[in-house]
Amino acid sequence: VLRPCSFSSLYLLMIYLQVSVETYCDGRRDGAQCYGALGGTVDIQLMDNTSEINRYQLLKSSLKILDVRKNTVISNTIRERAHFPSNGTFRINKLNRTDSGNYTLQTFDSDGKSSDERILQLFIEGKCWEIKPLIDVNKILLW
């Protein structure tokens, strides 16, 4: 037996859905533009093969955020949100608006001389996949 629902005590119904968004960016060419969603994750492919490069650094503006020598991470200033696996991809989790900006990848030869420098731009945009419908059941007309 189906009984009609009593809506008199129900004032508000809220539905919230949030999906984590992951994006990929090929940052191997100078001037690449990458995009990430606020709160999401971005994977930036910085290079093909890290084993052939003696030393490399990733800077955001002029701040060094990653320093790698002979495939050993010397420093990673955002390690609580980012990691750099040996496949040449730099992953940043829990993106925030301050992650937006210019990133510079500097590579060095075995003598410590700069061998290459590439710049990429990272843009962090508002949350994607967020739905917050607000329904006031008292305003719904029942026929």
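None of the figures in this text is laboratory data; all of them are computed from the coordinates on show. Keep in mind it's a predicted model, so treat the numbers as computed, not measured. Quick reminder, even Gly has a Cβ in these numbers, built from the backbone with ideal geometry, and neighbours come from all protein chains shown.
Figure the gain on full extension for ARG91 and THR104 (residue separation times 0.36 nm, minus the Cα-Cα span) and round it to one decimal in nm.
3.2 nm
Go through the stretch 40-47 residue by residue and turn each phi into a ³J(HN,Hα) via Karplus (6.51, -1.76, 1.60, θ = phi - 60°); whole Hz please, and just put x for glycine and proline.
x, 10, 10, 10, 10, 7, 8, 7
Within the stretch 65-89, list the residues whose amide N lies under 19 Å from a label point set 7 Å along Cα→Cβ of ARG28.
Under 19 Å, as judged by backbone N against the label point of ARG28, lie 71, 84-89 of the stretch 65-89.
Ordered by residue, what ³J(HN,Hα) values in Hz, to whole numbers, does the stretch 64-78 give under the Karplus form 6.51 cos²θ - 1.76 cosθ + 1.60, where θ = phi - 60° and Gly and Pro are x?
Running phi through 6.51 cos²θ - 1.76 cosθ + 1.60 with θ = phi - 60° gives 6, 9, 8, 9, 10, 10, 6, 6, 10, 6, 7, 8, 9, 6, 10 Hz.
Provide the net charge surrounding VAL68, with neighbours chosen by a C-beta distance below 13 Å and charges set as Lys +1, Arg +1, Asp -1, Glu -1.
Once positives and negatives cancel, what remains is +3.
Mind listing the long-range amide H neighbours of THR89? Cut-off is under 5 Å, sequence gap 5 or more, other chains count too, H placed in the peptide plane at 1.01 Å from N.
The list, which skips near neighbours in sequence, is LEU46.
Cut-off under 19 Å on the C-alpha distance; same-chain residues fewer than 8 positions from LYS60 excluded. Which aspartates and glutamates are left, in chain and number order?
ASP26, ASP30, ASP43, GLU80, ASP99, ASP116, GLU117, GLU125
Take the eigenvalues of the Cα gyration tensor for the stretch 19-127, scale each by 5, and report the square roots as semi-axes in whole Å, largest first.
Listed largest to smallest, the semi-axes of the stretch 19-127 are 23, 13, 12 Å.
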